[in-house]
1. So how far apart, in nm, are the two label points at A64 and L218 if each is 7 Å from Cα heading toward Cβ?
2. Sum up the charges of everything whose Cβ sits under 9 Å from the Cβ of L260, counting Lys and Arg as +1 and Asp and Glu as -1, but leave L260 out.
3. What is the projected area of the convex hull of the Cα atoms of the chain, averaged over all directions, in nm²?
4. Give, rounded to the nearest 20 debye, the magnitude of the charge dipole that the chain has about its Cα centre when Lys and Arg contribute +1 at Cβ and Asp and Glu contribute -1 at Cβ.
5. Which distance in nm do the two modelled labels at L26 and T273 give, with both placed 7 Å along the Cα-to-Cβ direction?
6. Using 0.36 nm per residue, how much length does the chain from K255 to E178 gain when fully extended, once their Cα-Cα distance is taken away?
7. Volume per residue, Å³, of the convex hull around the alpha-carbon atoms of region 92-200?
8. Near I161, within a Cβ-to-Cβ distance under 11 Å, what is the net charge of the other residues, with Lys and Arg +1 and Asp and Glu -1?
Amino acid sequence: MLNMTEIKGRINSIEQTRKITKAMQLISTVKMRKAMQKHDQNATYIDLLRGIIKDILLHRGDIAHPFLEIRKGNRTAFLVIAGDKGLAGPYNSNILNMALEHMRNVDEKYIFTVGHMATSFFNRKNHMVDVEFLHTAQNPGLHHARQIAEVLIDLYTQNHIDKIEILFTDMITSVTQEPKAFTLLPLELEYFADVDVETTFTGTYEYDPSAETVFDILVPQYIIGIIFSSLVESYACEQFSRMQAMDSATENADKMVSNLRKEYSRARQASVTNEMIEVANATNAVVGNL
């Protein structure tokens, strides 16, 4: 059994840790709300853009474009979004393990990472990371999404890769999140199954000045928007997961302190009892010598 000094030291140590976990919980809550505001603002734009692209795909006719071409090769670029830090519950492990499994049957893969945790994970698994996008996971912005999109689109248009996939954490509801894989290129109609289009037109579109020009402008903006949305949503999920982890840590700290206080009370009572016994024994010894 610990003595009172040791118990008091442990209580002080746990209380200091509790202050840190509580502060981290509050900070993560604020960051998550700001991230979701960004995501919601971008969602309207993305929904509109996806609707336009689906409408075009439904009426494209025999248009040939690199963004629509289903290539025979299996050269795939994976953009994996994780966090820069741990202490976020299962957030990093869920998306990274899913990404590793998703890549298993791809012979020629190119790995692009957002977040130090993703880079470290693939290095440990002996998978070379081709490009790491630094300073992005903790402060995702539209300029980051544009930079990433330019690199990936350039590789695709130069025929260095056959497919681009993005792997991120999707916030299904305010309390539910899950890792998700999404194909950016080539575009296929099945990827827009959840999009409702209002037009009832059944003919074929004519493009001005040309179909190639329309796709060259529209699709990169779509990809930038999807990447930005994925960055922000992943960041929000990371903060939510960290908020939950720190809340759990704070509760555990409270329980530990409560148990230690009880142990301290028992140790104090035992100390007082021992002192009373010692006084009684000393009194009996003195009386016996009289």
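The values are calculated or read from the model by the stated rules, or taken from the named source; none is laboratory data. Not measured: the values here are computed from a predicted model. All Cβ positions, glycine included, derive from the backbone under ideal geometry; neighbour counts span all protein chains shown. In case anyone asks, the SASA skips ligands and DNA or RNA and just uses the protein heavy atoms, side chains included. Shrake-Rupley method; radii C 1.70, N 1.55, O 1.52, S 1.80 Å.
1. Rounded to a tenth, the inter-label distance reads 2.0 nm.
2. Around L260, the charge tally is +3.
3. 20.9 nm²
4. 1800 debye
5. Result for the modelled spin labels: 4.1 nm.
6. Gain in length upon complete extension: 24.7 nm.
7. 153 Å³
8. -1
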